[in-house]
1. Report the extension gain between residue 108 and residue 240 in nm, rounded to one decimal, defined as 0.36 nm multiplied by the number of residues separating them, less their alpha carbon distance.
2. Compare the Cα positions of 130, 179, 120 along the charge dipole of region 107-224 (+1 at Cβ of Lys, Arg; -1 at Cβ of Asp, Glu; about the Cα centre) and return the one farthest towards the positive end.
3. Provide the packing ranking of 63-71, 81-89, 179-187, i.e. peptides ordered by the mean count of other C-beta atoms within 10 Å per residue, highest first.
4. Under a point-charge model restricted to the Cβ atoms of Lys and Arg (+1) and Asp and Glu (-1), what is the dipole moment magnitude of region 107-224 relative to its Cα centre, in debye to the nearest 20?
5. Check region 107-224 and count each lysine pair with an alpha-carbon distance under 19 angstrom, considering only pairs eight or more places apart or from different chains.
6. Efficiency by 1/(1 + (r/R0)^6): what FRET value for residue 94 and residue 123, r their Cβ-Cβ distance, R0 = 41 Å, to the nearest 0.05?
Amino acid sequence: MNCPVFLLSHFFKALTLSLKHSTLSDSKWKQKVYLQQNIVMSTRASPQAEEELHIAIAHWIAAHCLPFSMSEDALFKRILAKARATNQKYVPPTRYQVAGRLLDANFAAYQKDSLDSLLADVDTYGVSIFGDGATIVKTPMINILASSPTNPSCVLDVVDCTNHMLTAGKKDAWYIAKQILPIMRNIDPNKNRIHVVAFDGAYNVQKAGELLREHYPQITVLQGIEHTVATIIGKWVGLRPIKTLCQFAKTVRTLLLLSFNL
């Protein structure tokens, strides 16, 4: 084959491929510009549409007796920001989804964030465990919490003791320790993070602390006096002279407030 003809054919072939790629690039560039223009146009809401949205939000807040500050709530603004990424076919979740799968998902995310903040500097500062028994209405429970410098109050678990009590069980020291010990093992498998366990002055929880120390010898069991002091003050307030004095103080406070408002 003649060399100039061979080179000329390759030159035209390369030129054809270059023009083809250039045409495709121009087409993609025009498509990108078109999409960007549509996005900009879609983000420009008309004043009438914004006013209608304001009215709908105000109607929702008033109809459900929500505080007016709800319109400035960070979570509400987050909902609006997420809604912008959907289309007109979006359907909100049903009440059963909110009370089921979505509630579990929110709880799992919140629990993970709480534990992450609790254990942020755990190898430096350690963790304290505290809790108490409680009866809400007629439901016996055990509250288990933890504290660290990065999260001073982290709810680890709220144990429902109903089934245990129905089988003639008691919230004794052994049962309380049995509920707390698995959580301690999950947080501190090597037994070098938890240093303090605190309960109120009740005998069963103090005895539960001693049982926990059999498994975690390094912990110190403390007695929280706040509950004891509150119980004593509650009994004092129930006495007739103290009750009369408290009622007099409330009356004086009410008269002072009325005089300032006049």
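1. On the way: separation 132, 0.36 × 132 = 47.52 nm, distance 4.88 nm.
Gain in length upon complete extension: 42.6 nm.
2. So the residue furthest toward the plus end is 179.
3. Averaged packing, sorted descending, gives the order 179-187, 63-71, 81-89.
4. Values: 10 positive and 12 negative charges, 70 e Å.
Roughly 340 debye for region 107-224.
5. Pairs that pass both the separation and distance tests number 7.
6. Efficiency computed from Cβ-Cβ geometry: 0.40.
Computed from the coordinates by the stated procedures, all read-outs in this text should not be read as laboratory data. Given the structure is predicted, the values throughout are model-derived calculations rather than measurements. Note that each Cβ is placed from the backbone with ideal geometry, even for glycine, and that neighbours are counted across all protein chains shown.
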